[in-house]
Amino acid sequence: MAELQGAEKQRYVANLFSRISGRYDLMNDLMTLGMHRRWKKQTAELASQGQNGMAIDVSCGTGDIAIELAFKPNIEHTVGLDLLNEMVTTADTKAKAAHKSTSITMMTGDALSLPFSNDSFACATAGFSLRNMPSIEKAVSEMIRVIKPGGRVVILELSPMDRGIKSVLFRPIFHGIVPLIGRLVAGDRSAYSYLPKSVDYFYEATHLAEMLSALGLEKVQFKRLGFGTVAMHCGVKSNA
Ligand SMILES: C[S@@+](CC[C@H](N)C(=O)[O-])C[C@H]1O[C@@H](n2cnc3c(N)ncnc32)[C@H](O)[C@@H]1O
């Protein structure tokens, strides 16, 4: 299923995330031993650094990165956008619990066609979602389009394993233990079998950096996290 393309991929992904939305946060805590929380804080920190204005978190899921962005004093308002109503409802509840509901708008929408004009935001983030998009290039181009010149795009995403020692260590966890936890905790083994396969089909971090530069971002850099299983990429929209 990870090899699906276009509208078929979008339908598959939407169906998958609506099935697991209720257990999504718990599964993330279990799969990353809570580390995803720190990575998301770092994503919001990097995206908002030196920026003033509005922020958007694309494919916000249950809202973690959007909520982190809303805590930044230089961010005046945050939009969290996701394809699925189930995710947006949970994100909204979490924003209220964090006393941030007035500084965040959680909304449904398609990352491939953002309902905002050019140059609307100071920064744009996407966490663990690009590899699920029917077109990664289109999703990134939309993030670039809606930020102002000089604004930042930050992408947090799982990275495919190389063939070295890390692959020997992490492949059995990704392809064996994660689907097992998915079956036991989320009652959905197939959703959590898709996850490691979707990572195999995604760009290695250096290739993703090249793609971001090719799409027009400047000063593209990335940092590996989680023993190299995750990468955080950052780029700046050109002033030209
Ligand atoms: C793995 S979750 C990541 C959620 C959140 N960003 C996080 O870091 O926890 C992927 C999310 O992408 C959303 N998604 C998939 N395709 C999308 C699209 N075309 N537009 C907007 N959201 C999309 C799914 O609904 C899901 O909530």
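The values are calculated or read from the model by the stated rules, or taken from the named source; none is laboratory data. Because the structure is a prediction, the values reported are computed rather than measured. Reconstructed Cβ throughout: ideal geometry from the backbone, glycine too, with neighbour counts over all protein chains shown.
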message: Out of the residues in the range 100-125 meeting the condition of being assigned to a loop (DSSP other than H, G, I, E, B) and within 14 Å of the ligand (Cβ to nearest atom), tell me which one is nearest to M54 (Cα to Cα).
response: F116
query: Given the range 145-240, what helices (runs of 4 or more DSSP H) lie entirely inside it while holding 1 or more residues that are modelled with pLDDT of 90 or more and more than 17 Å from the chain's Cα centre (by Cα)?
result: 205-214
task: Select from the range 27-67 the residues that are within 21 Å of M133 (Cβ to Cβ), more than 12 Å from the ligand (Cβ to nearest atom) and not in a helix (DSSP H, G or I) and list them in ascending order.
output: A55
message: Being of a type in the set (A, V, I, L, M) and either surrounded by fewer than 16 Cβ atoms within 10 Å (Cβ to Cβ) or more than 10 Å from the ligand (Cβ to nearest atom) (or both) is the filter here; which residues of the range 8-26 pass it?
response: A14, L26
- request: Would you point out the residue of the range 126-141, among those that are within 8 Å of the ligand (Cβ to nearest atom) and assigned to a helix (DSSP H, G or I), that is surrounded by the fewest Cβ atoms within 10 Å (Cβ to Cβ)?
  value: A139
query: Can you name every residue in the range 68-99 that is assigned to a strand (DSSP E or B) and either of a type in the set (D, E, K, R) or surrounded by fewer than 18 Cβ atoms within 10 Å (Cβ to Cβ) (or both)?
result: E76, H77, D82
